[in-house]
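Report on the structure given below.
The values are calculated or read from the model by the stated rules, or taken from the named source; none is laboratory data. Bear in mind the structure is a predicted one, so any value in this text is a computation, not a measurement. Positions of Cβ are backbone-derived with ideal geometry, glycine not excepted, and every protein chain shown enters the neighbour counts. Ligands, DNA and RNA are stripped out before the accessible areas are found, and what is left, the full protein with its side chains, is counted by its heavy atoms. Shrake-Rupley method; radii C 1.70, N 1.55, O 1.52, S 1.80 Å.
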Amino acid sequence: MSETAKFILDGETYEFPVTTGSENEKGIDISKLRGQSGYVTLDPGYKNTGATESAITFLDGEKGILSYRGYSIEELAEKSTFLEVAYLLIEGELPNKEQLEDFNENIRKHTLVAEDMRKFYQAFPHHAHPMGVLGSLVNSLSSFYPESQDPNRSEDAVDLTIYRLIAKVPTLAAWSHKNAQRHPVVYPKNELNYSENFLQMMFSVPSEDYKIDPVVAKALDLLFILHADHEQNCSASTVRIVGSSQANLYASISAGISALWGPLHGGANQAVIEMLENIKNDGGDVTKYLDKAKDKNDPFRLMGFGHRVYKNFDPRARIIKKACDDVLDALGIDDPVLDIAKKLEKAALEDQYFVDRKLYPNVDFYSGIIYRAIGIPTEMFTVMFAIGRLPGWIAQWKEMIETKQPIGRPRQIYTGANARNYVELSKR
Ligand code: SDX
């Protein structure tokens, strides 16, 4: 007998079906609640509200589990590559050799962007934040590819838009960095793999090609894998709700980039390094900053700590922390900011305030240290997150379109003024 939930409202009993997911997560299907009872639910920040069923990513916040299409993040981080993970997220299965080669070739073919797009960069001030540049340029891609306007046009047209996005975003991102430096842009070299190509577009200069260090390229590929998707987070939910209006995929992804920019979300990786630098420059007293984070009168929060879902460790943070040590050792870098991070983590994990609130380091706490070691400027850290998250956003959008989800339109409880008549200006 299927499980149900009973609500007793105004003396009436209403029964709603309970849905059980493949990992035994339970949800009360209240899609008929308002029609039957006139009531809506209220859940600011959607902390208890499922927006959709999804087969893409599974998280268990209590057990620190993260898997993409059933494969654990630990296995994928160790054995896969970013483009293979992108295929897995978008298509639902690991590709065979031919499928992976075709996917890689389709990405390689589209890494160049229309030369006209360089004019956009000239219009931005050099101090423009690269997330604002990236969001604008991704949205402008729909102008260069008008056939992408209709998300239901054809599977081939959707696939072409997907290839163009995954291929062109690293180019657009690297060019925003070159624009900030007032340096000439560097064009993609398609004989290189995805991470290597991005690095050479970021760091080559006319007089000298960037020397690719395999340790650096592998570390970047790992970071992209770890950021590739995270179910219904703020930016993925934004991509879904924008796409639910049948706006094109470029517009939906641009909206996701905007949502990711915030320091409570993807912008945290930039905020973590700025915080650690401040602590270092302020004498390295981590206790002083823990006290600030606990002080309700102080807006300071420990950036890179806490998570809406993980109330235990964030499995990505564990993997990145180990990669930090490996990459810095391989590059012979001794970064005092890493020492501060480890001191801060140890102190916070032993502090009752953080223990009581189950606040642990999240994906953003250590990632910035590797980006720094690679030479990525701090302002580009969230752009790195966006490059990694792109296939996840695409997979979420594709699932939403293919399952014909209705346009997203939440309800509210009105608390404003009751009906009143207009008062002439002379009488106010
Ligand atoms: C990402 O959702 C995702 O999946 C996101 C992400 C992804 O891959 O897409 O994982 C990526 O966004 C990671 C999170 C990056 N953000 C930060 O590191 C910013 C710092 N963290 C916080 O602002 C906070 O922890 C959030 C935003 C991440 C989560 O906030 P919640 O779930 O809304 O929790 P909350 O704000 O209600 O906090 C609960 C309590 C509060 O204290 P009390 O009111 O109970 O006394 O914990 C406290 C908060 O004040 N708290 C913190 C804290 N985070 C929460 N106190 C100090 N420092 C912090 N970092």
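A few comments on the model shown:
- Evaluated against (1) away from the ligand (no atom under 12 Å from the Cβ); (2) at pLDDT 95 or above, ALA330 falls short on exactly one condition, (2).
- Failed condition for LEU390, given (1) open to solvent by less than 10 Å² (accessible area, probe 1.4 Å); (2) more than 13 Å from ILE320 (Cα to Cα); (3) more than 14 Å from the ligand (Cβ to nearest atom): (3)
A quick yes/no check of all residues on (1) without any contact (Cβ under 8 Å) to a residue 60 or more places away in the chain; (2) not in a loop (DSSP other than H, G, I, E, B):
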{"residue": "LEU42", "(1), (2)": "no, no"}
{"residue": "ALA51", "(1), (2)": "no, no"}
{"residue": "SER54", "(1), (2)": "no, no"}
{"residue": "GLU62", "(1), (2)": "no, no"}
{"residue": "GLU78", "(1), (2)": "yes, yes"}
{"residue": "ALA86", "(1), (2)": "no, yes"}
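- For the criterion of being outside any loop (DSSP other than H, G, I, E, B), among the hydroxyl-bearing types (Ser, Thr, Tyr) and within 16 Å of the ligand (Cβ to nearest atom), SER67 passes.
- Here region 251-276 is the region considered, the condition is being surrounded by 19 or more Cβ atoms within 10 Å (Cβ to Cβ) and not in a helix (DSSP H, G or I), and the residue that is nearest to the ligand (Cβ to nearest atom) is GLY266.
- Residue in region 209-227 that is within 16 Å of the ligand (Cβ to nearest atom) and either outside any helix (DSSP H, G or I) or outside the structural domain of HIS129 (by TED's automatic domain parsing) (or both) present: yes
- Here SER237 fulfils each of the conditions (1) over 27 Å from ILE369 (Cα atoms); (2) more than 16 Å from the ligand (Cβ to nearest atom); (3) assigned to a helix (DSSP H, G or I) apart from (2).
- Any hit, region 336-343, residues being out of contact with any helix residue (DSSP H, G or I) (no Cβ under 8 Å at 6 or more places or on another chain) and modelled with pLDDT under 95: yes
- Looking only at region 190-208, and only at residues there that are open to solvent by 30 Å² or more (accessible area, probe 1.4 Å) and either aliphatic (A, V, I, L, M) or without any contact (Cβ under 8 Å) to a residue 12 or more places away in the chain (or both), the one that is farthest from the ligand (Cβ to nearest atom): SER207
- Filter result (under 23 Å from VAL216 (Cα atoms), among the acidic types (Asp, Glu) and open to solvent by 40 Å² or more (accessible area, probe 1.4 Å)) within region 324-362: ASP325, ASP326, ASP329, ASP334, ASP339
- Residue in region 372-381 that is within 21 Å of HIS307 (Cβ to Cβ), modelled with pLDDT of 95 or more and crowded, with 19+ Cβ neighbours inside 10 Å present: yes
- Inside region 379-404, residues that are closer than 20 Å to LYS218 by Cα and either basic (Lys, Arg) or in contact with a Lys or Arg (Cβ under 8 Å, 6 or more places away or on another chain) (or both) make up a count of 1.
- Flag for ILE279 being assigned to a helix (DSSP H, G or I) and either within 30 Å of TYR163 (Cβ to Cβ) or free of Cβ contacts under 8 Å to residues at least 12 places away in the same chain (or both): no
Results for (1) at positive phi; (2) near the ligand (Cβ under 8 Å from one of its atoms); (3) open to solvent by less than 40 Å² (accessible area, probe 1.4 Å); (4) assigned to a helix (DSSP H, G or I), shown as yes or no for each residue.
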site: LYS288; (1), (2), (3), (4): no, no, no, yes
site: ASP291; (1), (2), (3), (4): no, no, no, yes
site: ASP298; (1), (2), (3), (4): no, no, yes, no
site: ARG301; (1), (2), (3), (4): no, yes, no, no
site: ARG308; (1), (2), (3), (4): no, yes, no, no
site: PHE313; (1), (2), (3), (4): no, no, no, no
site: ARG316; (1), (2), (3), (4): no, yes, yes, yes
site: ILE319; (1), (2), (3), (4): no, no, yes, yes
site: LYS322; (1), (2), (3), (4): no, no, no, yes
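- Residue match in region 179-190 (condition: under 30 Å from GLY61 (Cα atoms), aliphatic (A, V, I, L, M) and not assigned by TED's automatic domain parsing to the domain that holds ALA330): no
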